[in-house]
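The values are calculated or read from the model by the stated rules, or taken from the named source; none is laboratory data. If you're wondering where the values come from, they're calculated on a predicted model, not measured in any experiment. Cβ placement follows ideal geometry from the backbone for every residue including glycine, while neighbour counts extend to all protein chains displayed. Accessible surface areas use protein heavy atoms only, side chains included; no ligands, DNA or RNA. Shrake-Rupley method; radii C 1.70, N 1.55, O 1.52, S 1.80 Å.
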Amino acid sequence: MSDTTDCVLTPRVPVEGFDPLGVATYRASTITFANAEAYATRGQRGDKGYSYGLYGTPTTRTLEEKLSRLEQAARTFLVPSGQAANALAILPFVAAGDHVLLADTVYPPMRDFALTDLARLGVRADFFDPADPADVSRRLRPETKVVWCESPGSTTMEVMDLPAVARIAHAAGALLGVDNTWATPLNLKPLTLGADIVTEALTKYVSGHSDVIMGSISVREPALAGPIKGLIGRMGIGVSSDDAALVLRGSETLALRLRHQAAVALRFAERLARHPMVARVLHPALPDDPGHALFRRDFLGASGVFSLCFPPDVAPLVAPSLDALKLFAIGASWGGTRSLAAPMPVRASRSATDWPGPDLALRLSIGLEDEGELWADLERFLAALERQAKAA
Ligand SMILES: *Cc1c(COP(=O)(O)O)cnc(C)c1O
């Protein structure tokens with residue numbers, strides 16, 4: 001071949017005997033076939049075949065397989081974000097005239113998606129009290145196709161009775177979907193509790209280093225895979241192997257990170273619950289949390305994210321006092337190595353339940369920094385609150 005052609009061709013070197021522990025990062029749009037017959041019959045190979053980079057590479061399928069094992073799922077699909085996973089878990093199963101039910105405490109962009117995009121498509125959405133499965137029964141309609149849960153609820157941490165909601169949804173012919181981002185597939189397995197679909201924001205704990213955005217959709221029954229696969233293919237949605245490789249690498253330390261972050265978070269939650277500047281700590285692993293019995297029954301562990309509520313006279317002082325933090329970074333998202341604090345408004349994101357007290361929950365995500373230094377940082381914040389409260 002000429003140099004010009006040799007520049008274009010990729011020489012094949014033997015790969016036998018090269019057996020690394022990880023999977024390679026396979027970058028591809030085009031995938032070639034041995035001959036015209038193989039190309040013509042590519043559609044007959046089922047889900048295991050490779051046909052085009054968008055529809056899967058060995059790298060992305062390795063991550064999908066790992067997640068399917070952890071979720072005990074028939075099949076997992078990767079999508080570009082956790083929110084994409086949530087939206088694309090519902091979309092294939094609804095049409096104009098249908099109805100969906102969402103827990104009042106879902107990740108706020110899901111409320112927005114339901115009230116904007118589903119509404120525009122003629123799908124009506126209602127919200128239910130996450131603490132009351134009977135509220136699901138009351139709001140179900142003959143045309144309800146999907147019940148969507150998140151347990152514990154975003155920021156406010158209400159634990160849901162998923163098996164009870166699953167029975168109610170299934171009796172009405174609706175699917176149950178669960179956003180499992182807080183617990184991760186290590187600490188809650190919604191598909192074993194009756195859920196049909198589970199989503200994860202891999203962006204958070206599973207990737208674990210705050211440098212990649214990805215989501216997953218896992219299904220219990222193979223029959224649910226087809227509609228999701230079809231829709232994401234038609235919409236041209238897929239993820240890069242580079243990003244999947246980052247998530248795969250992060251996932252190797254998921255269990256150890258989570259165990260440590262959960263233990264430190266619970267010790268901090270217990271101490272903060274006794275602090276005079278704190279009105280309530282929202283953490284289901286605390287024995288007096290309203291969701292604790294369900295948490296003990298269904299969860300295999302906690303994660304490192306929990307929230308604080310403050311007395312009415314203290315709440316306005318929280319934002320300015322956050323500037324006293326030196327180690328906790330102020331920012332959204334969570335589940336990485338760095339500890340984060342994020343003041344969150346609550347009321348605008350609920351409609352079916354009341355929120356007592358000030359419209360603020362301070363969400364903390366415990367990272368991997370030294371525990372003593374992290375606590376000293378929280379004490380700086382609490383001292384700033386006390387100083388400001390005295391001055392007020
Ligand atoms: C962050 C988050 C999402 C969205 O994940 P992205 O990858 O940031 O889109 C969805 N659900 C929950 C509960 C989350 O915390």
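Things to note:
- Residue match in region 301-314 (condition: in a strand (DSSP E or B), in contact with a His (Cβ under 8 Å, 6 or more places away or on another chain), within 16 Å of the ligand (Cβ to nearest atom) and not aromatic (Phe, Trp, Tyr)): yes
- From the options GLY208, GLY173, residue that is at pLDDT 95 or above, assigned to a loop (DSSP other than H, G, I, E, B) and open to solvent by 30 Å² or more (accessible area, probe 1.4 Å): GLY173
- For region 356-392, a residue qualifies if it is more than 23 Å from the chain's Cα centre (by Cα), at pLDDT 95 or above and hydrophobic (A, V, I, L, M, F, W, C), and the qualifying residues are LEU374, TRP375, ALA376, LEU378, PHE381, LEU382, ALA383, ALA384, LEU385.
- On the stretch given as region 191-202, residues that are within 15 Å of the ligand (Cβ to nearest atom) and surrounded by fewer than 24 Cβ atoms within 10 Å (Cβ to Cβ) total 0.
- Note on region 130-147: among residues that are free of Cβ contacts under 8 Å to residues at least 60 places away in the same chain and open to solvent by less than 40 Å² (accessible area, probe 1.4 Å), the one that is farthest from PHE295 (Cα to Cα) is THR144.
- Hits in region 1-41 (condition: more than 19 Å from PRO58 (Cα to Cα) and part of a loop (DSSP other than H, G, I, E, B)): MET1, SER2, LEU9, PRO11, ASN35, THR41
- PHE299 meets the stated requirement of being farther than 16 Å from SER81 by Cα and open to solvent by 10 Å² or more (accessible area, probe 1.4 Å).
- Of the candidates GLY22, GLY49, the single residue that is touching a Lys or Arg at 6+ places or on another chain (Cβ under 9 Å), open to solvent by less than 70 Å² (accessible area, probe 1.4 Å), within 22 Å of GLY230 (Cβ to Cβ) and of a type outside the set (Phe, Trp, Tyr) is GLY49.
- Number of residues in region 117-131 that are part of a helix (DSSP H, G or I) and within 16 Å of the ligand (Cβ to nearest atom): the value is 1.
- Residue within region 231-245 that is without any contact (Cβ under 8 Å) to a residue 24 or more places away in the chain, assigned to a helix (DSSP H, G or I) and either closer than 23 Å to ASN86 by Cβ or assigned by TED's automatic domain parsing to the domain that holds ALA195 (or both) present: yes
- Annotation note: Cβ proximity below 7 Å between a residue of region 98-110 that is of a type in the set (Ser, Thr, Tyr) and open to solvent by less than 10 Å² (accessible area, probe 1.4 Å) and a residue that is near the ligand (Cβ under 9 Å from one of its atoms) and not in a loop (DSSP other than H, G, I, E, B) (sequence gap 6+ or interchain) occurs for THR105/GLU150.
- Single unsatisfied condition, GLY226 versus (1) farther than 24 Å from ALA24 by Cβ; (2) open to solvent by less than 20 Å² (accessible area, probe 1.4 Å): (2)
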